[in-house]
Amino acid sequence: MAATTMTRDRILDAAMELFSENSFRGTSITQIETAAGLTPGAGGIYHHFRTKESILEAGLERHLDRVNAVRDITQLMSGLGDLRVALTLLAKYVLTELDNEEALLRILATDTRTRPHLLDGAVHNMVRRIYSGFASWLADEAAISADRATDIASVGLGALLSARLVPLLFGLAPHDVGDEQFVKTWVDMMLRSVEGSVMGGTGSAPAD
């Protein structure tokens, strides 16, 4: 059982890396077998997966489970009592997770349009859950309205995603800003948005 699971994981690791480098269409079963340490053409891969598409589907599910952990970190940060600290931890965590999921990001960038039946539902659900979870946490922690928290969460998470997606897709960052400075600027931006919402009377806290 353990050996079967290890082989399955090895196949998924190899396949997702190849899909990210060569695209789904540009990757063959033989390439996956070779990269996973299986005998090419012997059919061993089919003991674990029926088709190449089922490998992609399983790989995406595994990666998305990892990315979904971003939602859970907000629960750990609830009650810290310091929004700046909480936002700093969140930003660093998200950027680290995006770095860890570079293969997934490449696959989404190259294969979403050609394989929407596999990617769209899972990806859309994941994105909605992450954004809605962050917005709900922000509304509670910052005492602002749900609508305003949704607006701020959309801009904030979009900025974090762009910090990794733009260099990945275009091979060049817009500006040479290190992660520490980026996170500090991001947190400052988020806090100003939150404070403006409270002062402007759009939050649940009373305006002066």
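Values in this text are rule-based calculations from the coordinates and carry no lab data. Given the structure is predicted, the values throughout are model-derived calculations rather than measurements. Glycine also receives a Cβ, built like all others from the backbone with ideal geometry; neighbour counts cover every protein chain displayed.
Tabulated results
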quantity: Environment charge of Ala35, counting only residues whose C-beta is closer than 15 Å and scoring Lys/Arg +1, Asp/Glu -1; calculated: -2
quantity: Sequence ranges 90-98, 49-57, ranked by mean other-Cβ count within 10 angstrom, highest first; calculated: 90-98, 49-57
quantity: Local electrostatic count at Leu165 - Lys and Arg +1, Asp and Glu -1, tallied over other residues with Cβ under 14 Å; calculated: -2
quantity: Calculated from backbone phi, Karplus (6.51, -1.76, 1.60) coupling profile of segment 45-60 in Hz, x at Gly/Pro; calculated: 5, 7, 6, 10, 9, 6, 9, 5, 5, 5, 5, 4, 4, 5, x, 5
quantity: Summed residue charge, Cβ within 14 Å of Ala149's Cβ, Lys/Arg positive, Asp/Glu negative; calculated: -4
quantity: Alpha carbon centroid spacing (whole Å) that separates segment 10-45 from segment 130-167; calculated: 37 Å
quantity: Nitroxide proxy distance, nm - points 7 Å out along Cα→Cβ at Leu64 and Glu180; calculated: 3.8 nm
quantity: Ile144 long-range amide H proximity, modeled H, under 5 Å; calculated: Ser204
